[in-house]
1. Any residue at all in segment 108-129 that is at pLDDT below 70 and not basic (Lys, Arg)?
2. Can you pull out every residue in segment 298-328 that is basic (Lys, Arg) and crowded, with 19+ Cβ neighbours inside 10 Å?
3. Can we say Thr167 is at pLDDT 85 or above and hydroxyl-bearing (Ser, Thr, Tyr)?
4. Sort out which residues of segment 46-98 are under 27 Å from Thr149 (Cα atoms), acidic (Asp, Glu), part of a loop (DSSP other than H, G, I, E, B) and out of contact with any Ser or Thr (no Cβ under 9 Å at 6 or more places or on another chain), and write them in order of number.
5. For the list (1) in a loop (DSSP other than H, G, I, E, B); (2) at pLDDT below 90; (3) not hydrophobic (A, V, I, L, M, F, W, C), I need the number of the one condition that Glu302 fails.
Amino acid sequence: MEEGQIKDIIKKLTVRVKATTNRDSKTITEQGTGILLLQDNKAYVLTVHHCIYGKTEPFHEVLKDDIEFSFINEMCSETVIPIDIKSFKENLVLLEIDITKLNITDIKCIYLDRVYDGKKYYLRGFPKVFSEPHSFEAKCNEKSLNQITFKITVDRLTSDNMGEKVTEYISGLSGAGVFFAENHKLHLVGLVNALADNYGKLDAVYCTKLVDLKTFNIKLSELKVYNKKDINIPSIQKEKNIHYINQLIKSYNSDSSDLIEILEDIENSKYDRHLKTARKSFHMAETLRNFSRDNLPEDTYEDFQDDIYEGIINTVEDDYENAFKKVKATENESTRIAIDSYPIKEDKCKTIEKKGICHQLVNDERINWIEDE
């Protein structure tokens with residue numbers, strides 16, 4: 001997805017939020033930014049709590065008719081009033097709007113309750129200092145502060161001489177969506193909520209995660225569950241010239257008193273079970289690799305594979321009576337490596353995939369069981 005496409009979609013999804021109420025004979029207006037969510041033929045505007053109800057208690061008493069949304073783009077040319085309001089724990093506010101008022105084109109966005117380091121993030125909002133909406137780029141400072149918030153550094157959010165005026169400068173950006181794009185898909189991971197410090201010295205901003213959307217029955221992106229049953233293991237004949245298979249045969253020969261020249265020699269031998277298990281583990285790891293590339297942030301699987309490599313390399317480099325003993329020692333060592341951070345939460349990597357990654361590393365020629373002649 002090109003940068004122009006990313007910004008065009010975010011532009012269509014970004015909404016100006018204005019909430020007006022009366023207190024003690026005074027008119028109070030809160031202004032900020034919201035994000036359009038589309039799901040199940042319904043439309044919502046998502047924003048942070050203080051854009052509607054104010055920052056301090058007692059919070060404003062706001063009715064539906066007190067809130068207005070302006071899209072400032074071709075998505076909708078008129079001011080829209082919500083038809084329902086739901087708020088949660090002073091974090092997020094979800095406001096349903098009439099979907100028939102929108103000129104919806106093919107807009108797709110994935111909502112995530114997790115944040116990743118190393119991504120280029122995009123946000124767009126309505127800082128009061130600008131007469132028009134303004135776009136920013138950002139990076140994530142840390143994976144997570146807690147279950148609800150995370151921090152980003154926004155490029156050119158402030159200038160060095162802004163000083164105490166930074167709060168005024170940035171006011172109105174609250175509620176702006178924090179997006180990244182990957183695999184031709186746009187992902188929303190949170191909303192801007194507050195400056196990390198009163199002076200914005202480091203251009204750091206606290207953001208609110210989307211985890212509370214689950215309470216509203218909004219479907220956050222559920223990664224496809226990696227299904228171990230969906231493994232395609234080719235016939236052994238198709239694999240006879242593959243590097244990891246050749247390395248396994250050499251390891252068996254280093255242990256065997258009978259020369260193994262072809263794959264058929266392994267059938268009914270003491271190595272038959274190991275070869276079948278090794279092949280299954282390799283293809284399960286390959287399926288996991290392909291799944292990760294299609295469904296997870298870039299380089300997630302490579303980082304995972306690197307963790308296995310670092311965990312087994314000392315074992316690989318040890319001395320053994322023969323290469324087959326090295327294979328088994330390395331496989332066993334791989335199963336002891338904790339991969340708690342790997343983001344397939346529904347089905348974490350199990351023993352057989354870890355062993356399979358050992359054979360992937362051989363096939364990728366990062367390690368060998370026995371040196372090729």
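1. Looking through segment 108-129, at least one residue is at pLDDT below 70 and not basic (Lys, Arg).
2. Filtering segment 298-328 for residues basic (Lys, Arg) gives 325-326, 328.
Lys326 - this is the single residue of segment 298-328 that is basic (Lys, Arg) and crowded, with 19+ Cβ neighbours inside 10 Å.
3. On the way: at pLDDT 85 or above: no; hydroxyl-bearing (Ser, Thr, Tyr): yes.
No: the conditions fail for Thr167.
4. Glu57, Glu90, listed by residue number.
5. It fails just one condition, (1).
Yes or no, residue by residue, for (1) of a type in the set (Phe, Trp, Tyr); (2) without any contact (Cβ under 8 Å) to a residue 40 or more places away in the chain; (3) assigned to a strand (DSSP E or B):
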residue: Lys7; (1), (2), (3): no, no, no
residue: Ile10; (1), (2), (3): no, no, no
residue: Arg16; (1), (2), (3): no, no, yes
residue: Gln31; (1), (2), (3): no, no, yes
residue: Tyr44; (1), (2), (3): yes, no, yes
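Matching residues to (1) out of contact with any strand residue (DSSP E or B) (no Cβ under 9 Å at 6 or more places or on another chain); (2) modelled with pLDDT of 85 or more:
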| site | (1), (2) |
| --- | --- |
| Met162 | yes, no |
| Ala176 | no, yes |
| Ala181 | no, yes |
| Leu188 | no, yes |
| Asn193 | no, yes |
| Tyr226 | yes, no |
| Asn241 | yes, no |
| Ser251 | yes, yes |
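The values are calculated or read from the model by the stated rules, or taken from the named source; none is laboratory data. The shown structure was predicted, so the numbers you read here are calculated from the model rather than taken from an experiment. All Cβ positions, even for glycine, are placed from backbone atoms using ideal geometry, and neighbour counts span all protein chains on display.
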